Amino acid sequence: MSGHSTYEPKSGIEKWLEKRLPIVRLLHDAGVSYPTPRNLNPLWTFGGILAMMLVIQIVSGIVLAMHYASNSALAFDSVEGIMRDVNWGWLIRYIHANGASMFFIAVYIHILRGLYYGSYKEPRELLWVLGVIIYLLMMAAGFMGYVLPWGQMSFWGATVITNFFTAIPVIGQPIQTLLIGGFAVDNATLNRFFSLHYLVPFIIAGVVVLHIWALHVVGQNNPLGIDVKSEKDTVPFTPYATSKDGLFMVLFLVFYAWFVFYQPNYLGHPDNYTPANPLVTPAHIVPEWYYLPFYAILRAITFNIGPIDSKLGGVLAMFGSIAVTAFLPWLDTSKVRSGRFRPLFRIAFWLFVAAVLFLGYLGSQPADGNAVLYAQVCTAYYFAFFLIILPVLGFIEKPKALPNSIIEDVLAKSKH
Ligand code: HEM
């Protein structure tokens, strides 16, 4: 797929560069002549949208950092200063704060697309694992960013989350102390979180380069999940994929702008407009919406499992729920990639989506009464999906007949 390069340097500068640093060839092969399956649907534009969001977050973040003070006595006021006194500061802050949510919306669509169409299967296992690493880094960046305004949710969120580490025997306590830079969340915590929050997006950018490199070696999957067999199955990346990616980027930006201009605080929490106060605990400590399913899994473990007490059990379940996704390429035993041809998988997949959404809702509610029971059922399904259903389905499911080629399927559809 990465195949033979069709680039020929024409102008003098291109020829000069070609001998010294063939970067124009690289860009041409990756962004112009790159063969793209001709049947990609709009779900394949989310990789591009994610790349755009990463750039928006880095650029807006750098500008915010010019005005932000990472000191626990000044942080809250410096953010208010950005909102009121810095020219366009309110806009830059709302772009960045809502951008985090948009980034997660896009990544969840991107991940579910990969899950539905079996994009993680051979030969795209490493591409998928790099994606899981990116997702973990995104979670770390989002968490540390939320601490920076030093509001009530920042402070208490940081306290609750870093406290999880103390559940780990022996090394847990020292890890927590190292993480927060002392025995309680304080100025040292804020400083190191700011430093790391600035760093992590650049690490993400590095892993994204590997992600796209791996993609270009193995080639894109497509809604049929069958391999590209001839040139007829593909179209050149430019203009076909670039124009489609461009259109969906603009549509996504409109959706994003609606939040920024009309509902800039809808996805945040009002308590974060109250300065951090270590002496007053908020009524409900809730993380940002994109962590809620994992928060529900954490709180679902209310019982001891042998020597593992419920606190450690919850922490293991929460980290386990993400770690298990890294093994997906080897857990799913089906030879057929796309969910379109897998009737039983499709049911299991939509139940999985429903369970995660319900877990998200439960994560936002107080953990009492039936909420705990529902969270336990959904958590059990979450793990069963990866550890039992996907391994077993490959053996018992009878997939529908696959088309012979992408072009044959496209032409058959266009006849109707
Ligand atoms: C900053 C975050 C990310 C960026 C910028 C990014 C970028 C991209 C791009 C540009 C593509 C090709 C276009 C497309 O298929 O949409 C792609 C494909 C892919 N990504 Fe990501 N990605 C990110 C996160 C993730 C995550 C978190 C996962 C999974 C856990 C993942 C898994 C995949 C897979 C499996 C493909 C191949 C899809 C296919 O060809 O069917 N990516 N990514």
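Observations, loosely collected:
- Residue check for ILE226: open to solvent by 40 Å² or more (accessible area, probe 1.4 Å), touching a residue at least 40 places away in the same chain (Cβ under 8 Å) and within 15 Å of the ligand (Cβ to nearest atom): no
- Of the residues making up segment 75-99, those that are open to solvent by 20 Å² or more (accessible area, probe 1.4 Å), of a type in the set (A, V, I, L, M, F, W, C) and part of a helix (DSSP H, G or I) are PHE76, MET83, TRP90, LEU91, ILE92, ILE95, ALA97.
- Residue in segment 328-349 that is part of a helix (DSSP H, G or I), among the aliphatic types (A, V, I, L, M), out of contact with any helix residue (DSSP H, G or I) (no Cβ under 7 Å at 6 or more places or on another chain) and closer than 22 Å to TRP289 by Cβ present: no
- Residue list for segment 118-142, filter: in contact with a Phe, Trp or Tyr (Cβ under 9 Å, 6 or more places away or on another chain) and part of a loop (DSSP other than H, G, I, E, B): GLY118, SER119, TYR120, LYS121
- Residue match in segment 139-161 (condition: under 30 Å from PHE341 (Cβ atoms), within 16 Å of the ligand (Cβ to nearest atom) and either open to solvent by 20 Å² or more (accessible area, probe 1.4 Å) or more than 23 Å from the chain's Cα centre (by Cα) (or both)): no
- Filter result (over 15 Å from ALA51 (Cβ atoms) and either part of a helix (DSSP H, G or I) or within 11 Å of the ligand (Cβ to nearest atom) (or both)) within segment 229-250: GLU231, LYS232, ASP233, THR238, PRO239, TYR240, SER243, LEU247
- The one condition in (1) away from the ligand (no atom under 16 Å from the Cβ); (2) on the phi > 0 side of the Ramachandran plot that GLY118 fails to fulfil: (1)
- Among all residues of segment 171-194, there is none that is in contact with a Leu (Cβ under 8 Å, 6 or more places away or on another chain) and more than 30 Å from LEU279 (Cα to Cα).
- Filter pass, ILE297 being open to solvent by less than 70 Å² (accessible area, probe 1.4 Å) and within 14 Å of CYS378 (Cβ to Cβ): yes
- Yes/no for LEU43 being within 11 Å of the ligand (Cβ to nearest atom) and in a helix (DSSP H, G or I): yes
- First in segment 39-54 and within 24 Å of ALA97 (Cα to Cα), second anywhere and hydrophobic (A, V, I, L, M, F, W, C) and near the ligand (Cβ under 7 Å from one of its atoms), Cβ under 7 Å, 6 or more apart: LEU50/VAL107; ALA51/VAL208; LEU54/ILE204; LEU54/VAL208
- Where a residue in segment 186-205 is more than 20 Å from MET52 (Cβ to Cβ) and its partner, wherever it lies, is more than 16 Å from the ligand (Cβ to nearest atom) and open to solvent by 70 Å² or more (accessible area, probe 1.4 Å), with Cβ under 9 Å and at least six apart: ASP186/PRO278; ASN187/ALA73
The values are calculated or read from the model by the stated rules, or taken from the named source; none is laboratory data. These numbers were taken from a predicted model, which means no experiment stands behind them. Positions of Cβ are backbone-derived with ideal geometry, glycine not excepted, and every protein chain shown enters the neighbour counts. Note: accessible area is taken over every heavy atom of the protein model, side chains too, but ligands, DNA and RNA are not part of it. Shrake-Rupley method; radii C 1.70, N 1.55, O 1.52, S 1.80 Å.
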